[in-house]
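Below: the structure, in structure tokens.
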Amino acid sequence: MANKTISIFINAHQSYLEKSGLRAEKTSFFYEMAETYIPILRFLDRVEEKKISSKLTFALTPSLCALFSHEGIQNEFCQYLNDRIELAKKMLGKNPEKTAILEKFIEKNLGLLEDFSNRYEKNLTDRFFRHYKSGHIDLATTTATPLFIPFFDAFPSVVDAQFEAGITAFREFFEVTNGGFLIPHQFYSPETERLIQLFGFKWICVDKSAFLGGNPTPSKGIFAPVVCPHGTIAVASDSRAEEDFFNKGGYATDGAFLDVENDDSLFQRTGDSSEDWGKIPLGLCFTAKNGGVYDWEKAEEKAKMYAGEFWANCKNKLSSAAKIAKDDVNLTFFFNASTFGHTWSEGMVFLEELLRLAGDSAIFTKDVAENYSPQEAFAPAVSTNRKSFAEDFLDKTNSWALRYVQKSAERMIELSKRFSHDSILKERILSVAARQVLLMEDAYLLEMIKNENFAEETGNTLKELISNFSFLFDSLGSNKMNTEWLIRWESSQRVFSNLNYRIFTPKI
């Protein structure tokens, strides 16, 4: 009898934040830590206690792991939770109709603070590593930052550098690299597959459009892996499922679910001028999407019901595919971590119930690649999980930035060739310069500006990275080194600590 399985691949990323203080983008990250990452780890802890595996595959980007491990971020997150608790307590007397939900919110945040400080010792990266070592999750390596590769077609060594820095960072956080690699935005091309082979990875997870637009169309469609031209095993994933959750009529739009855009902390602070809470939301959301007071239990029941519907649909699709393929079949789903808690408050309840219903039918993505019979040799289409090759990232509001990012990357290549061997001081400066380039290549920064998601802050972040690099480039050109600036940058940007600027040197 053919096996009919699902696998879930979760992409977890946060663009690097270096400035201290309660900025809006940083509090959004803290909200995601509280509503997504700690709940995921709590679920994995329960799985560990039951001596079973979650069968979840994660790609944790180096910038996210660096932030999880940053002492300053850890302390600010504790303060963020304390601020939420204090504000909720002040709201108790002013909002009698919300007494029950406020009390539950306070209890929830006290629990988050307790688990973060004591159970996880403030370092979520280490906890993910523990679950990886014990086999409860699988991890895939990814690039240093999620650049959009087509933007750098003219600079192949930029993409090489991203791969090398990502692999080095993965080893730094998780000791070894494994067999799977996530290409940012699931961009597939023959050239990126060549890099996958060059660095020794065995499988990749691509968007289903790579299979459906390939030549020839694989006989089992997206329900079985294929062997790509350079020998890499490719697993097709459905990234549109996440989009469907949020489309009109999708699971996440149910009126019973929490309206995460309706933040009561904003109302409280602007309505009470005597309280100096600033203008940044703390994530005190108590209103349902239908406008009523949020009912926790009702929302969780709905999330479980939708998980049942989703699993029933999966089983129907798999049964139909198995009849045609007469072999083992699989459906792989690709999600961003923010779906489970941050953008869909009940998403973690949905995920946990789905995995409970699937039971042994849920497997790691690597098991699909390694154990399922691959289809015939196949040339996937050049593809991405994005709707287009540029429109998701660029418009008139941010097109200025790409020009400077590309020029900085070109200059970094020039520096790596000009200073192939130099003094220790210059090598330190060059490595800091390389760090600026890797960070500014994060395509999510462009997308955030385009979507007006902390657009001003994100634009300033990009400008600062570009300015930093230009200053370092000019310093090296004039042979005038400012060691005070160098030490400040080295201490503030605690990411890619083992970076060697020579990764930008062209290999041919």
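Rule-based calculations on the coordinates, nothing more; no lab input. Source: prediction; values computed, not measured. Backbone-built Cβ (ideal geometry, glycine too); neighbour counts: all protein chains shown.
Based on Cβ point charges of +1 for Lys and Arg and -1 for Asp and Glu, what charge dipole magnitude is obtained for segment 47-101 about its Cα centre, in debye rounded to the nearest 20?
Values: 8 positive and 7 negative charges, 61 e Å.
Result for segment 47-101 is approximately 300 debye, rounded to the nearest 20.
Among 112, 182, 506, whose Cα lies farthest out toward the positive end of the dipole of the chain, if unit charges sit on the beta carbon of Lys, Arg (+1) and Asp, Glu (-1)?
506
Can you give the helix-only mean residue ellipticity at 222 nm for the chain, where every DSSP H stretch with n ≥ 4 adds -39500 (n - 2.57) and the sum goes over all residues, rounded to the nearest 500 deg cm²/dmol?
Calculated mean residue ellipticity at 222 nm is -16000 deg cm²/dmol.
On full extension of the chain, what length is gained from residue 467 through residue 407, given 0.36 nm per residue of separation minus the C-alpha to C-alpha distance?
20.4 nm
In whole Å, what are the extents of segment 140-251 along the principal axes defined by its C-alpha atoms, from largest to smallest?
42, 33, 31
Taking R0 as 41 Å, what FRET efficiency do you get between residue 452 and residue 78 from their Cβ-Cβ distance, rounded to the nearest 0.05?
0.85
Given 0.36 nm per residue, what is the gain on full extension from residue 399 to residue 86 after removing their alpha carbon distance, in nm?
Difference between extended and current length: 108.5 nm.
Along Cα→Cβ, 7 Å out, is where each label goes; now give me the distance between the ones at residue 23 and residue 46 in nm to one decimal.
Output for this residue pair reads 3.6 nm.
Which order results if 107, 32, 457 are arranged by neighbouring Cβ count within 10 Å, fewest first?
Numbers: 107 12, 32 21, 457 17.
Least crowded to most crowded, the residues run 107, 457, 32.
Give the Kirkwood hydrodynamic radius (Å, one decimal) of segment 399-504, defined as one over the mean of 1/r across all pairs of different Cα atoms.
14.2
When 37, 294 are ordered from fewest to most other Cβ atoms inside 10 Å of their Cβ, what list results?
Ranked by crowding around the Cβ, least crowded first: 294, 37.
Sequence-distant or interchain residues sharing an amide H contact under 5 Å with residue 331, placed H: which?
5, 6, 7
By count of other Cβ within 10 Å, fewest leading, how are 311, 400 ordered?
Least crowded to most crowded, the residues run 400, 311.
What number results when the radius of gyration of segment 296-451, computed over Cα atoms, is divided by 2.2 N^0.38 Å?
1.55
In debye to the nearest 20, how big a dipole does segment 147-222 give about its Cα centre with +1 on each Lys and Arg Cβ and -1 on each Asp and Glu Cβ?
That gives segment 147-222 a dipole magnitude of about 340 debye.
Tell me, what is the FRET efficiency for residue 388 and residue 261 to the nearest 0.05, using R0 = 25 angstrom and their Cβ-Cβ distance as r?
0.45
Considering amide H positions built from the backbone, and no H for Pro or chain starts, which residues 5 or more places from residue 139, or on another chain, come under 5 Å of its amide H?
Under 5 Å from the amide H of residue 139: 58.
Take residue 104 and residue 460, extend 7 Å from each Cα along the Cα→Cβ direction, and tell me the distance between the two endpoints in nm.
Spacing of the two 7 Å Cα→Cβ label points: 3.7 nm.
What's the magnitude of the charge dipole for the chain around its Cα centre, counting Lys and Arg as +1 and Asp and Glu as -1 at the beta-carbon? Answer in Debye, nearest 20. Present the calculation step by step, with values, prior to reporting the outcome.
Numbers: 58 positive and 70 negative charges, 190 e Å.
Approximately 920 debye in magnitude.
By average Cβ neighbour count within 10 Å, what is the ranking of 206-217, 347-358, 189-200 from highest down?
347-358, 206-217, 189-200
Give me the orientation-averaged projected area of the Cα convex hull of the chain, in nm², one decimal.
Result: a mean projected hull area of 24.5 nm².
Of 400, 448, 421, which is farthest on the positive side of the dipole of segment 399-504, counting Cα position, with +1 on Lys and Arg Cβ, -1 on Asp and Glu Cβ, and the Cα centre as origin?
Most positive-ward Cα: 421.
Could you give me the ³J(HN,Hα) list for segment 182-192, computed from phi with Karplus coefficients 6.51, -1.76, 1.60 and θ = phi - 60°, whole Hz, x at Gly and Pro?
Rounded to whole hertz, the list is 9, 6, x, 6, 6, 6, 10, 8, x, 5, 5.
Just to check, using Stokes-Einstein with a Kirkwood Rh over alpha carbon pairs, what's the diffusion coefficient of segment 7-142 at 10 °C and 1.306 mPa s in µm²/s?
99
Going toward the positive end of the dipole of the chain, with +1 on Lys and Arg Cβ and -1 on Asp and Glu Cβ, which of 211, 1, 375 do you reach last?
Going by the Cα projections, it comes out as 375.
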